[in-house]
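Participant: Below is one structure. I have some questions about it.
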Amino acid sequence: MTRLIHWLALALALITVGLGIAVYKHRVLGYPLHSENIESTWTVQARMQITPGSGPIKATLKLPTTTPGMGQLRENFISRGYGLTVQDAATTREAVWTVRRATQRQSLYYQGVFYRDAINQRFLPRPTFPEVPSLEEPFQTAMLATVEEVRRQSADIASFTTSLLGRINSSAPTEEMALFLNSPDYRGQRVRIARVILAGARIPSVQVNGFHLADASRTQPVRWLAVHNQREWLFFDPATGQMGMPENFLVWWVGEDPPIDVDGATLVDLIWSIRRNELAALDLAEQRSAIHAGWLAPFSLFRLPVQAQSVYAVLMLVPVGAFIMILMRNVVGLPSFGTFMPVLIALAFRETGLFAGLLMFTIVVAVGLSLRFYLAKLHLLLVPRLTAVLIIVVFLMVLLSLASHSLGWEVGLSVGLFPMVILAMIIERMSIVWEERGPSDALKESMGSALIAALAFLVMTLPLIQHLAFVFPELMLVVLGLTILMGRYSGYRLNELIRFRVLARSSP
Amino acid sequence: MIRRYRELKKRGVLGLNARNACYIMPHNPRRYYPLVDNKVLCKRRLQENSVAAPELLGEITSQYEAGHLSRKLAELDEFVIKPASGAGGDGILVATGRYEDRVWHGSGGRLLSLADIEYHVSGILAGMYSLGGQVDTAMIESLIHTDQRLREIAPEGVPDIRVILYRGIPVMAMTRLPTRRSSGKANLHQGAIGAGVELTSGRTLRAVMSSRLVDLHPDTRCNVVGFQLPDWTTLLAIAARCYEAIPLGYMGIDLVIDQDHGPLVLEMNARPGLAIQIANDDGLGHRLAAVDRLDSPETLSSEQRLDKGLALAEANWGR
């Protein structure tokens, strides 16, 4: 009984772990189930043109750090002759270019490649409550009046903000709002007006600057408003008052300061451009797993050199083929030569294709078999006889290749990789079965082998199976678990239902 | 299909998977396999336990010895050469009498020259007939002269009696009758007749040939059903004694009845086939379960085990 539990627990544990890892990799890290899946990445470039002054130059550019919903693939700095340091802090990140003396107008570049990463929802930490700002009159009164009015018409912080933005954008603003909108300090600065009034209500908020990711050769950062409701950050489009961060919005920096600060030179131009690129979903998933699931990375087959990868791409299919073998033998009850021979034949079919492979298998085995019967008459010892059969097999394959080549039928050429030793063994084994138990048994076994091989081949060449086996090697644990489950299958085989039919019919 | 599955289950029919998983794996320790898979070792073991078996006339273990076969065979008029680790009756060569010097009569009216025999032996030694193709030994055994009383239902070849022993208790038996189609071999795959034998009486119950029910022997048109096997109690007693020689929990004992030596154990099988169920028109499942209900039958003497088995058969295996 304990053995039974042990067996079941082991099998189920293997299946659960394998499936669990695979589902995690697919759902969370975005490993695709199809190899053709493509995801977008965006290259955002900031190009600064500066005209140097007489002294040393220091240019500081804010870099993206907190980008909820986005991840960064890589970044490049291009700045000939400048010293570069990147200053990392908890929520800010800056590139600082410095040079002691520059003579001519120069361009500094920053490029970042970004991709969608739903797992990353990191933004600023929880803020403290702001003090009610003290403005000069009549702004102070206008602010307090607006706070009072909006508060009356809203239920919570989210609706407060929406309602406030509605007032700011209104075509017929209230008197108090008009005061703000027409003042030179606030004109066209919807986010600043909103933040002042939000601060009047002691609601923490920040200005968020970023880009809607879409191809653009010249674009400007967009301002968004982020409000904290004591649980999470809420994002608002200041132009419409709509809540929620749109898809493909890249937060670049936070705050009202400009993104760039140049000392000792004049900033002539700052050009932002965005370019969309396509990248196989698989590469992106690899990237994501390197960031979020470092423990998984060492187990990825993509870390192997390309040559080894192609070997393992085939090797990972062997368990699948072997499992089909189990089903065919223990559940269906097909006879076959040897235990794994059909799987090996199936691997050989990969080189030739199914139809050509089966044809060659038949021709080589048939001709080899008849020659082997001729050799049997000469009374050769076993090992020399086997070797003779092997040599004949090699000859046959050369002849087949030459014949198919002259016919312009190129498949025949790949037969060279067909495992000839296996063919030779099959011929030998078949001839013994033929002599001892008659042709029907020999044909049955070879047909069984060919059938299992063909089935295994068909399954092993499904693009889905090939992809899954390579990208999700942990599914091998599932195959192992199923194999262990099958190891105690004690039900009838399909062929036994036919074999024992007499017993089923004459039931008392 | 599913109905037939249930029907078979209900009748206690044992499938290959169930036989392997539920009976062979737990009851047959692997260390005893060489003793049954190698017929020379098996014979020795039987001898030590004074169970009668066909006499071993010689052993050939190397190609060098194969060259000197003529000396070993010089005085023998009739003999059988078989691989020590053969399976399914493959690789057996029979010489039934001397034709002239260095030439013997083979089975099926063939003549066997010394060269033919040497070739066959070297094939055996190279592992042509052994499981997995390992190097093997060829054994020369005395020829069995089948008891005349069996000739009525088996005019040709060597008919044998297979008894399934579960934990030392005989649970099912059948006799295998060679036909012309099986070319004298007692192998059901090749077209021999399998006739179930009632354990209590030793009478054949019904006969099956290639999964079809038959009453008459196809070669002689003699009735093979309801035939009383001679020496039945001795046969069963010898079979039960085999468990003392090699304590495999689930095995098949193949016996023959020799005209001069009486019942002999031809070989033992650690993975006996399941066709015996068709020949007996009954599943093994219920019988094996009945034995499992006994209190450690392994500790009993062979006579007691035989009695238990017969008592269970009398009681229709507790059904």
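Computed from the coordinates by the stated procedures, all read-outs in this text should not be read as laboratory data. Given the structure is predicted, the values throughout are model-derived calculations rather than measurements. In this analysis, Cβ positions are derived from the backbone assuming ideal geometry, glycine residues included, and neighbour counts consider all displayed protein chains.
Participant: Could you pull out the longest piece of chain A with no exposed loop GluC sites (Glu not before Pro) in it, calling a site exposed if DSSP puts it outside H, G, I, E, B and it has at most 12 other Cβ atoms within 10 Å?
Facilitator: That gives A:257-508 as the longest site-free run.
Participant: What is the distance in Å between the Cα centres of segment A:1-67 and segment B:281-295?
Facilitator: First find each Cα centre; the distance between them is then 60 Å.
Participant: If the chain between residue A:4 and residue A:171 were fully stretched, how many nm would it gain, using 0.36 nm times the residue separation less the Cα-Cα distance?
Facilitator: Gain on stretching residue A:4 to residue A:171: 52.4 nm.
Participant: Considering the alpha-carbon set of segment B:175-319 alone, what are its Rg and its Dmax in angstrom?
Facilitator: Radius of gyration, then largest Cα-Cα span, for segment B:175-319: 15.5, 46 Å.
Participant: Each label point is 7 Å from the Cα along the Cα-to-Cβ direction; what then is the distance between the points at residue A:129 and residue A:109, in nm?
Facilitator: 5.0 nm
Participant: Could you calculate, for segment A:205-359, the ratio of the Cα radius of gyration to the Kirkwood radius, expressed as Rg to Rh?
Facilitator: Ratio of gyration radius to Kirkwood radius for segment A:205-359: 1.28.
Participant: With charges only on Cβ, +1 for K and R and -1 for D and E, what is the dipole size of segment A:139-249 about its Cα centre, in debye, rounded to 20?
Facilitator: It works out to roughly 180 debye.
Participant: Just checking the output field for B:8-20: average partner chain Cβ neighbours within 10 Å of each residue's Cβ?
Facilitator: Counting Cβ atoms of other protein chains within 10 Å of each residue's Cβ and averaging gives 6.
Participant: If I take every Cα pair under 8 Å that is 6 or more residues apart in chain B, average their sequence separation and divide by the length, what percent do I get for the relative contact order?
Facilitator: The normalised contact order for chain B reaches 20 percent.
Participant: Now, a different point. Within a 10 angstrom radius of each residue's Cβ in A:380-386, how many Cβ atoms of other chains show up on average? Whole number is fine.
Facilitator: That works out to 4 on average.
Participant: Moving on to the next point. May I ask you to list, by number, the DSSP H helices of chain A whose Cα span along the axis is at least 30 Å and whose average Kyte-Doolittle hydropathy reaches 0.5 or more?
Facilitator: Flagged H segments are A:2-27, A:354-377, A:382-406, A:439-460.
Participant: State the answer as a single residue: which of A:357, A:485, A:97 lies farthest towards the positive end of the charge dipole of the protein assembly as shown, with beta carbon charges of +1 for Lys and Arg and -1 for Asp and Glu, about the Cα centre.
Facilitator: So the residue we want is A:97.
Participant: Using Cα centres only, tell me the gap between segment B:157-227 and segment A:265-283 in whole Å.
Facilitator: 86 Å
Participant: Roughly what % of Cα-Cα distances in segment A:1-120 sit above 21 Å, to the whole percent?
Facilitator: 61 percent
Participant: Nearest 0.05, what FRET efficiency do residue A:366 and residue A:12 give at R0 = 60 Å with Cβ-Cβ as r?
Facilitator: Step by step, r from the Cβ atoms, then E = 0.80.
Participant: How would you rank A:261, A:117, going from fewest to most other Cβ atoms within 10 Å of each one's own Cβ?
Facilitator: A:261, A:117
Participant: What are the semi-axes of the equivalent ellipsoid for the protein assembly as shown, taken as the square roots of 5 times the Cα gyration tensor eigenvalues, largest first, in whole Å?
Facilitator: Here the semi-axes work out to 87, 34, 21 Å.
Participant: What ratio of Cα Rg to 2.2 N^0.38 Å holds for segment A:310-473?
Facilitator: Normalised by 2.2 N^0.38 Å, the Cα Rg of segment A:310-473 equals 1.08.
Participant: For A:228, B:68, which order do you get if you count the other beta carbons within 10 Å of each Cβ and list the fewest first?
Facilitator: Values: A:228 21, B:68 11.
Lowest count first: B:68, A:228.
Participant: Over segment B:96-250, consider all pairs of different Cα atoms and compute the Kirkwood hydrodynamic radius from their mean reciprocal separation; express it in Å, one decimal.
Facilitator: It works out to 17.6 Å.
Participant: What does the C-alpha gyration tensor say about the overall shape of segment B:93-134? Classify as rounded when a/c is under 1.5, otherwise prolate if a/b is larger than b/c, or oblate.
Facilitator: Here segment B:93-134 falls in the prolate category.
Participant: Another one. Taking the Cα centre of chain B as the origin, how large is its charge dipole in debye, to the nearest 20, when only Lys and Arg (+1) and Asp and Glu (-1) carry charge on their Cβ atoms?
Facilitator: Roughly 1580 debye for chain B.
Participant: Kindly give Rg over Rh for segment A:139-249, based on alpha-carbon atoms, with the Kirkwood expression for the hydrodynamic radius.
Facilitator: Ratio value, two decimals: 0.98.
Participant: How do B:171, B:163 rank when sorted from fewest to most other Cβ atoms within 10 Å of their own Cβ?
Facilitator: B:171, B:163
Participant: Determine by what factor the alpha-carbon radius of gyration of chain B differs from 2.2 N^0.38 Å, reporting the quotient.
Facilitator: Computed over Cα atoms of chain B, the ratio equals 1.00.
Participant: Shielding by partners for A:482-494, please: the mean number of other protein chain Cβ atoms within 10 Å of each residue's Cβ.
Facilitator: Going residue by residue through A:482-494 and averaging, the value is 4.
Participant: What percent of all Cα-Cα pairs in segment B:56-141 falls into each 5 Å bin, going from 0 up to the bin containing the maximum distance?
Facilitator: 3, 17, 29, 26, 17, 7, 1, 0
Participant: A further question on this structure: Evaluate 2.2 N^0.38 Å with N set to the residue count of segment B:59-104, then give the Cα radius of gyration divided by it. Spell out each step's value before the answer.
Facilitator: Values: Rg = 11.6 Å, N = 46, 2.2 N^0.38 = 9.4 Å.
Here the answer is 1.23, to two decimals.
Participant: Treat every Asp and Glu Cβ in segment B:56-141 as -1 and every Lys and Arg Cβ as +1, leave all other atoms uncharged, and give the resulting dipole magnitude about the Cα centre to the nearest 20 debye.
Facilitator: 80 debye
Participant: Another question, if that's okay. With runs of 4+ DSSP H residues as the only contributors, calculate the mean residue ellipticity of chain A at 222 nm using -39,500 (n - 2.57) per run, divided by the residue total and rounded to the nearest 500.
Facilitator: After summing the helix terms and dividing by the residues of chain A, the value is -15000 deg cm²/dmol.
Participant: Taking +1 at the Cβ of each Lys and Arg and -1 at the Cβ of each Asp and Glu, which of B:42, B:91, A:475 sits farthest along the dipole of the protein assembly as shown towards its positive end, judged by Cα position relative to the Cα centre?
Facilitator: A:475
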